[in-house]
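Data block below; observations after.
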Amino acid sequence: MSQTDGFLQRKTFHFTKKDLIDVRSSTDGFQPKFHSKDGKYFIKAQAVIGGTLMNDWMVEIIASGFCKTLDIPCISQCECDIVYNDHVWKGVYSNNFEKEGYTFISFERLLNMKMETSKTDEFNRMGTVEKLRWCAGRISMYAELPYDRCETYMLNLAILDCLVGNCDRHTRNFGVFFNNSEGEFSIAPVFDSGMGLFEHDYYRDKYSSYDAAMGNVYVAPYGEDPFEMIDILADEFDFGEYPFEALRIPEKLPNKYSEEYLIKMLGKVKRL
């Protein structure tokens with residue numbers, strides 16, 4: 001089975017402390033991560049940030065569904081239960097691309113390999129479209145991939161992150177795959193989209209209004225409000241290839257703010 005294809009059935013996994021491969025989330029929370037006993041699957045439990053159990057696992061599934069609707073290559077995420085440390089966690093599992101001979105090289109690592117970095121004032125001063133094209137150009141140049149495919153990849157990431165309000169697409173959260181047997185780079189399928197729909201923020205259920213919640217959503221690495229980001233992208237790029245009108249509200253949503261967010265976001269996209 002390819003790392004981007006196929007339907008995965010809901011599963012239950014049992015682990016002990018010795019099975020842990022990581023315990024931190026990229027937002028500096030607690031998040032147990034494992035490989036299945038046969039190494040076939042990568043399993044990620046729901047994050048705990050500020051002592052609050054997050055529904056990031058559900059956002060991963062929603063984001064994966066959006067990717068399928070929009071024909072964006074992704075690593076499919078499926079719901080699972082994780083029995084660990086005398087507790088049952090919600091989580092997601094996906095095919096382990098390392099088992100299939102791929103190594104993920106983050107964008108920042110790709111830059112570092114060429115003695116470059118995005119952690120500069122020059123990058124921070126760039127506008128949204130300029131940043132997108134700079135990232136696409138660096139991926140194309142350093143991974144020896146066609147520029148148009150790299151630009152489409154960056155645009156797909158930005159669109160998905162706008163749709164789910166993902167705030168965690170930092171420069172180590174996208175990049176390329178390296179095929180260890182063939183010695184070639186390819187564009188990485190989308191994965192790790194859980195810090196969206198306000199699940200990055202443990203105060204998400206305490207906001208007095210939708211606008212107050214939205215005030216804390218910025219699409220990385222651009223620092224843009226999702227609604228403004230969509231307008232910027234729509235002005236610059238031809239959205240004709242993206243079937244936004246086919247999107248549907250998912251049946252399960254983490255909380256009332258994410259439901260309102262999706263309704264308003266989809267409503268805005270449909271008017272493009």
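The values are calculated or read from the model by the stated rules, or taken from the named source; none is laboratory data. Only a predicted model underlies this, so the values are computations on that prediction, with no experimental measurement involved. All Cβ positions, glycine included, derive from the backbone under ideal geometry; neighbour counts span all protein chains shown. Protein only, heavy atoms only, side chains kept; ligands, DNA and RNA dropped before computing areas. Shrake-Rupley method; radii C 1.70, N 1.55, O 1.52, S 1.80 Å.
Entry remark, the range 129-167: residues being under 25 Å from Asp225 (Cα atoms), among the acidic types (Asp, Glu) and in contact with a helix residue (DSSP H, G or I) (Cβ under 9 Å, 6 or more places away or on another chain) number 2 in total.
The set of residues in the range 213-249 being in a helix (DSSP H, G or I) and at pLDDT below 60 consists of Gly240, Glu241, Phe244, Glu245, Ala246.
Would a scan of the range 124-131 turn up a residue that is in a helix (DSSP H, G or I) and β-branched (Val, Ile, Thr)? Within the range 124-131 (the criterion being in a helix (DSSP H, G or I) and β-branched (Val, Ile, Thr)), the answer is yes, since at least one residue qualifies. Restricting attention to the range 132-153, which residues are assigned to a helix (DSSP H, G or I) and either of a type in the set (A, V, I, L, M, F, W, C) or open to solvent by less than 30 Å² (accessible area, probe 1.4 Å) (or both)? Once the filter is applied, which keeps residues that are assigned to a helix (DSSP H, G or I) and either of a type in the set (A, V, I, L, M, F, W, C) or open to solvent by less than 30 Å² (accessible area, probe 1.4 Å) (or both), the range 132-153 yields Leu132, Trp134, Cys135, Ala136, Gly137, Ile139, Ser140, Met141, Ala143, Cys150, Tyr153. Restricted to strands (runs of 3 or more DSSP E) entirely inside the range 15-68, those with at least 3 residues that are within 18 Å of Phe191 (Cα to Cα) and open to solvent by less than 50 Å² (accessible area, probe 1.4 Å) are 30-35, 41-45. Between Asn156, Asn95, Asn166, the distinction of being over 30 Å from Tyr257 (Cβ atoms), buried (at least 16 other Cβ atoms within 10 Å of the Cβ) and either of a type outside the set (Phe, Trp, Tyr) or without any contact (Cβ under 8 Å) to a residue 40 or more places away in the chain (or both) belongs to Asn95 only. The sole residue among Pro226, Pro146, Pro189 that is of a type outside the set (Gly, Ala, Ser), under 28 Å from Glu100 (Cα atoms) and in contact with a strand residue (DSSP E or B) (Cβ under 7 Å, 6 or more places away or on another chain) is Pro189.
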